[in-house]
1. Give me a count of the residues in region 41-61 that are out of contact with any Pro (no Cβ under 9 Å at 6 or more places or on another chain) and part of a loop (DSSP other than H, G, I, E, B).
2. Mind checking which residues of region 62-107 are of a type in the set (Gly, Ala, Ser) and under 20 Å from ILE152 (Cβ atoms)?
3. For residues that are among the hydrophobic types (A, V, I, L, M, F, W, C), crowded, with 24+ Cβ neighbours inside 10 Å and assigned to a loop (DSSP other than H, G, I, E, B), tally how many sit in region 80-117.
4. If ASN142 passes every condition in (1) of a type outside the set (A, V, I, L, M); (2) within 17 Å of GLY25 (Cβ to Cβ); (3) within 21 Å of the chain's Cα centre (by Cα) but one, which one does it miss?
5. Of all residues being assigned to a loop (DSSP other than H, G, I, E, B) and of a type in the set (Val, Ile, Thr) in region 294-328, which is nearest to THR29 (Cα to Cα)? Just the residue, please.
6. What residue, of LEU59, LEU42, LEU38, LEU71, is aliphatic (A, V, I, L, M) and more than 13 Å from PHE134 (Cβ to Cβ)?
7. So which of LEU339, LEU326 is in contact (Cβ under 8 Å) with a residue 24 or more places away in the chain, under 18 Å from ASN187 (Cβ atoms), buried (at least 21 other Cβ atoms within 10 Å of the Cβ) and not acidic (Asp, Glu)?
8. Mind checking which strands (runs of 3 or more DSSP E) fall wholly inside region 341-425 and carry at least 1 residues that are under 17 Å from the mean Cα position of the chain (by Cα) and under 29 Å from LEU74 (Cα atoms)?
Amino acid sequence: MRTTSIVVCLLLAAAATAVFVPGRGGYITVEPSFDGKLWYWLFDAQKASPTDDSTPFVLWLTGGPGCSGSLAALNENGPYSVDSHLKLKSNPYSWNNNANMLYIDQPFGVGFSSSPPEDYVHNTTEAMGYVVTFLEMFFEQNPQYAKQPFFITGESYGGHYVPELARQILANSPALASRLQAMEIGNGMIDPLLQFPMYPAYAKKFDLVSNNVIKEADNMVADCVALIKAGEVAQAYQTCLPIIGYILENTNIDGHQINPYNRLEPCLDGSLCYNFTAPTDWLNEPAVQAALNVDPSIKWATCNFDVNADFTDWTVSYADGVTAMLEGGKRVYIMAGMLDYICNYLGSQAVALDVPWSGKAAFNAAPMQQWYVGSDNAGSVQTYKNLNLVFVEGAGHMVPMDQPKNALVFFDHFITNTAFNTTSA
């Protein structure tokens, strides 16, 4: 009887410490010279067969540069979020309802991915080269997904990542290229030459700062644009990036700067303006890390700002990847939450109207129409053939967090290649 009691107590103790961790985590070594590993988190489709050859397989790339894919998985479009008690809360608007969703921590040193012995990746082209290697190895190791239609999504610095990854796939990876259907860039920095002038333009449009601040910011933009046009990447970085902060430091909501990711809110919690304590604590719990096959020596953080500082291509355009997709007959979606300042919708619009491709004139002549979800105005959409520009009402930088229902409807259009509803129900 005493032995039985001990066994029961041990079982109860184990049950008390057990933790539910969704999805599957793992590493793939993409740089053998220093055992460089990228970590991934995969969520199989919930309502579609995960291994059916027709089920969409979607890659998500968080921006920064230097921010973790897990940040989006737990705060935007994954199947669960983490509450203040470190309990998981189901997300009915998860993007893995009808698609397999893969989130990667990249480049090296981000999230749970391994750190190189020294600064190793300095630009988007290098980073996406490793992502191509990762994808080829992932599908080789997981052949059950290797025939599925493939999609690329991302946000913020993903405006660099997503089109450059697509360009490299189309140029260098025939197997992936044959499966690649579409790419989506959410509130992304794609072409700085066109987008930096839109910081003072956005601030002026919504009366965020005084006319004197706008005038000074316009002068800064003139210098920024001249350096970008001259190809002076390092000097452009030093000149252009301060424009963003100069405008922000002159904004005010209740004694605080505006949240650059949502202009209607104050920035209250550090550099990211949101409180990500709960997902950070949850991802650093030993039981969670064990379930996700994580190197226990790595402490997870939302972003690695050393990696961020190492990137030298902030002012480089990656619009050529958009052109490559469009001319290759692949679909492109440029989406923007309209409350975002940091990668605002005016900049997204400027890129969509300027990108060189055979359908440019016809796209630019196409009307911007209201987009409805049921009888509700979700935003607006401009479409011609395989290019779609979508504005989302009531959303900032992280559209799935601010407008989860409408973001999921958008995503379903993206993976099913169906037209947006432009008439009210």
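1. Number satisfying all stated conditions: 5.
2. Result: GLY63, GLY64, GLY66, SER68, GLY69, SER70, ALA72, ALA73, GLY78, SER94, ALA99.
3. Final tally of qualifying residues: 4.
4. (3)
5. Restricting to residues being assigned to a loop (DSSP other than H, G, I, E, B) and of a type in the set (Val, Ile, Thr), the top hit is VAL294.
6. LEU71
7. LEU339
8. 387-392
Since every read-out is calculated from the coordinates, none of them should be taken as a lab result. This is a predicted model, so every value here is computed, not measured. Methodologically, a virtual Cβ is constructed for each residue, glycine included, from the backbone with ideal geometry; neighbour enumeration extends over all protein chains shown.
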